[in-house]
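Asker: Below you'll find the structure I mean.
The values are calculated or read from the model by the stated rules, or taken from the named source; none is laboratory data. Bear in mind the structure is a predicted one, so any value in this text is a computation, not a measurement. We place every Cβ from the backbone using ideal geometry, glycine too, and count neighbours over all the protein chains shown.
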């Protein structure tokens, strides 16, 4: 058979293009994948539908199914009639203040709000390279901790607010951000120290890192909470939150040091030699040549350990500090809200996911950006 | 290690004991009181962030006695592990944290329990449908029990002494026990009576559960201070005693003002109208009046926080006055 005309090009089979094609290629490419897909869809259906129903469609927010405003657990639909009731989110609404600020005095709470807003302004230029007037904002980032301290604790005419009144998200953020911010310089110093040619410095740093990394955070917290006060001179008591901060910072510092050391080791020897050959001193070499490169390549790992620390801060509950999770548990001890533990734990989990997920997304964005940077050569 | 810790602790507060906690508290202007991080009925924040509970009232009573103002308290939240070091180091002036008075804590840890503000004890809770009215009828029952606690040992002792058998379902936490019990995986749950009541209150229908009358262990919970500062110990002790004595004499928040010219001599002594009992404690003579006016008597505090009208619904039981069949008894105010 011979063809006289060129055959018209046909449209590709409908099963290989568009949505259908995508589904076929990715979800049903073989009998095994088809079974897996169906199984996963079935499981999602089994889990997601009841969860959405419980958390949204059958849930009480501020009013119950009779339209009454919920002021304690007895008004919750699920307490009145477990058959029809879903989540009772009223506990979160009623106690929202405690979740976000702890027991911070209401008339002073504007100070916390300012700190929360300033925190965004302080962190944004760190994260966004093209931030307008970035250089000046970075100076602000440097002095932000001092401003935040006086705003939160008082001073310069502001009323003193004891850290015993701090709680909830405030404590979680203070521990998380201060821990990360202080651990970073500590980590750099320790990493450089460990690679130092001076045996004493290198040994001290190695010992410190290995000791701190060798014990769990909870041990350090107990040490700070239980042992430290016994070593302090009589009449001097360190604030409970400060003791937790010290423990968290030392812990994170040791981990940060190892991350940064990894970066330092990844820098080719030639870079060191080149720096030394143009006559740079040790500090100049590290500041201008080595560290900028080392930190750049370790940023994803730094963010990674920071996420770990952020979650680890919940351990302070065990030494009696009421962070976000601790406040949740205290709220559940109130007789008016007893038994609504699932709501509280889901809320706390969601808040943590929001923070850690944003951190991990940011790390992903950085990774992509850095990769492009390397492909295009040095900038 | 534990011993070394307590020796260090003892030597540290042996030094600070000389300073005089009462003077420290007065100079500071507020009391530092250790409570739990949250336990229904004993210490928990209310909707507006104020701490409430039986232990919290104890702290507030001491503040009322010292300052005439029950709000002058700073609460420090402590856990089971951090409570003793926090008190020993002087970070708090007193601890009111549902702590069981035992010999070793009183003596070896170097603290002084000044009294008992709640007599707790291990009890049993069963579904009403089981139709059991006494723990001795529980032969062959499955018991939800927290492992590695004194509760577990007490349970074994009780069942052995009564010559009945049981099957233990070991669990780790109270939350887990609650879920197992509600799901019907065990017939009986045993823990401290106050814990049973709080578990019961969290069920969909509290009437489905009944707490059996047997109490098989002694758990006297009370406030404590550092050993060696007797003046301060006296202040806390008589703050607690005042609340108990006030109940004996029927003095309440509402009627205390009307009793200022009562014809009962002891009432006049309590309210500081006669005698200089406050001065003996280096407090003002109306310290007891302030406690009753601002906190109320023991009964009022009990009813407000754990009593039958609260979700916990714990009957007075052992915590009734000695005249009402309980064992609450305070020395005379004279």
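Asker: Do you know which residues across region B:38-53 are surrounded by 24 or more Cβ atoms within 10 Å (Cβ to Cβ) and in contact (Cβ under 8 Å) with a residue 12 or more places away in the chain?
Answerer: B:40, B:41, B:42, B:43, B:53
Asker: Across region B:70-91, what is the total count of residues that are more than 10 Å from chain A (Cβ to nearest Cβ) and either in contact (Cβ under 8 Å) with a residue 12 or more places away in the chain or under 15 Å from the mean Cα position of the chain (by Cα) (or both)?
Answerer: 4
Asker: Need the failing condition index for residue A:268 against (1) buried (at least 21 other Cβ atoms within 10 Å of the Cβ); (2) at pLDDT 90 or above, just the number.
Answerer: Of everything listed in (1) buried (at least 21 other Cβ atoms within 10 Å of the Cβ); (2) at pLDDT 90 or above, residue A:268 misses just condition (1).
Asker: Quick one: residue B:128 ticks every box in (1) surrounded by 13 or more Cβ atoms within 10 Å (Cβ to Cβ); (2) touching a helix residue (DSSP H, G or I) at 6+ places or on another chain (Cβ under 6 Å); (3) more than 30 Å from residue B:241 (Cβ to Cβ) except a single one, so which number is it?
Answerer: Residue B:128 satisfies every listed condition except (1).
Asker: Which residues, counting only those in region A:71-95, are surrounded by fewer than 17 Cβ atoms within 10 Å (Cβ to Cβ) and farther than 30 Å from residue A:154 by Cα?
Answerer: The answer is A:71, A:74, A:81, A:82, A:83, A:84.
Asker: Give, as residue ranges, the helices (runs of 4 or more DSSP H) completely inside region A:7-108 that count at least 3 residues that are under 29 Å from the mean Cα position of the chain (by Cα).
Answerer: In region A:7-108, the matching helices (runs of 4 or more DSSP H) lie at A:31-52, A:90-94, A:96-101.
Asker: Tell me which residues, restricted to region B:150-202, are within 14 Å of chain A (Cβ to nearest Cβ) and free of Cβ contacts under 8 Å to residues at least 24 places away in the same chain.
Answerer: B:175, B:176, B:179, B:182, B:183, B:195, listed by residue number.
Asker: Could you tell me whether any residue of region B:127-136 is touching a strand residue (DSSP E or B) at 6+ places or on another chain (Cβ under 9 Å), within 11 Å of chain A (Cβ to nearest Cβ), within 30 Å of residue B:180 (Cβ to Cβ) and modelled with pLDDT of 90 or more?
Answerer: Within region B:127-136, none of the residues are touching a strand residue (DSSP E or B) at 6+ places or on another chain (Cβ under 9 Å), within 11 Å of chain A (Cβ to nearest Cβ), within 30 Å of residue B:180 (Cβ to Cβ) and modelled with pLDDT of 90 or more.
Asker: A follow-up question, please. Of the residues A:68, A:8, A:98, A:46, which is exposed (fewer than 15 other Cβ atoms within 10 Å of the Cβ), in contact with a helix residue (DSSP H, G or I) (Cβ under 7 Å, 6 or more places away or on another chain) and not assigned by TED's automatic domain parsing to the domain that holds residue A:172?
Answerer: A:68
Asker: Which number in (1) surrounded by fewer than 21 Cβ atoms within 10 Å (Cβ to Cβ); (2) within 14 Å of chain B (Cβ to nearest Cβ); (3) at pLDDT 90 or above marks the one condition that residue A:262 misses?
Answerer: (2) is the only condition that residue A:262 fails.
Asker: Test of understanding: among B:35, B:62, which residue is more than 19 Å from residue A:319 (Cα to Cα) and surrounded by 17 or more Cβ atoms within 10 Å (Cβ to Cβ)?
Answerer: B:62
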